[in-house]
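For reference, the structure discussed in these notes is given below.
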Amino acid sequence: MEAVEGVSDGDGGGADAAGQAEISSPREAANNALVLAFGRLQGAANRLEYILGRSLEQECGISHLMFEVLLILGRAGEPGLSMRAVAQEQVLTTGGATRLVDRMAAAGLVERAEDPDDRRGRLVRLTGLGEETVVRASRLHVENIRRYFVAPLPPEDWERFSEDLRILSHSARDELPRLP
């Protein structure tokens with residue numbers, strides 16, 4: 001992976017002390033090593049999201065967000081998950097999750113079922129079509145991940161890169177407020 005100026009690439013030291021203090025012009029702001037590194041991460045994520053999401057839509061007829069919900073429900077198994085749990089996993093409002101699940105239910109991918117632990121509650125779970133769709137979409141997605149995400153990187157860096165992404169994801173997740 002490319003080293004970033006002003007950022008330690010060995011012992012986790014982060015940006016050098018002068019990095020932030022040096023920003024005194026728009027040019028310095030635009031060329032700050034940390035700003036550039038985060039911009040590259042965000043740009044790569046956005047482009048990969050577009051490429052992989054478009055493929056899921058074209059080949060499987062589902063959005064990337066729907067695919068993520070299918071994966072979450074597949075991971076949860078029976079009897080399913082509450083709408084609140086789906087919303088928290090996807091960082092959606094409960095209203096946003098409800099609208100998404102409504103579209104998925106209309107497409108026959110998920111169904112709502114009674115919650116065995118709460119007579120008033122409803123759970124969301126995969127239908128047979130949802131199970132078939134998530135398997136088919138996952139096969140396509142894995143091939144696209146290999147092609148666009150793994151193949152461009154040096155193989156000797158992949159394991160560390162993957163672990164670094166896990167750390168970043170968990171760190172960011174832990175900073176988010178939990179839904180009531």
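The values are calculated or read from the model by the stated rules, or taken from the named source; none is laboratory data. From a predicted model like this one, the values you see are computed outputs, not experimental measurements. Counting neighbours? That spans all protein chains shown, and the Cβs are built from the backbone with ideal geometry, glycine included. Side chains included, ligands, DNA and RNA excluded: accessible areas come from the protein's heavy atoms. Shrake-Rupley method; radii C 1.70, N 1.55, O 1.52, S 1.80 Å.
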Quickly work out the Arg173-to-Leu41 label distance, labels modelled 7 Å from Cα along the C-beta direction, and quote it in nm with one decimal. 1.6
With all protein chains present, calculate the accessible area of Phe161 using a 1.4 Å probe and round the result to the nearest 10 Å². 40
Among Leu41, Leu65, Leu92, which one moves the most in a GNM of the chain with springs linking Cα atoms closer than 10 Å? Leu41
Stretched fully, the stretch from Glu156 through Arg119 gains (0.36 nm per residue minus C-alpha distance, one decimal, in nm) 8.1 nm
Local electrostatic count at Glu89 - Lys and Arg +1, Asp and Glu -1, tallied over other residues with Cβ under 11 Å: +2
Which one of Met66, Val101, Leu34 is farthest out on the positive end of the charge dipole of the chain, using unit charges on Cβ (Lys, Arg +1; Asp, Glu -1) and the Cα centre as origin? Val101
With each run of n ≥ 4 DSSP H residues scored as -39500 (n - 2.57), what mean residue ellipticity at 222 nm is computed for the chain after dividing by its residue count and rounding to the nearest 500 deg cm²/dmol? -20000 deg cm²/dmol
What do you get for GluC sites (Glu not before Pro) in the stretch 37-107 restricted to DSSP loop and a cutoff of at most 15 other Cβ within 10 Å of the site's Cβ? none
Across Ser162, Ser25, Ser55, the residue with the highest GNM fluctuation in the chain (Cα network, 10 Å cutoff) is Ser25
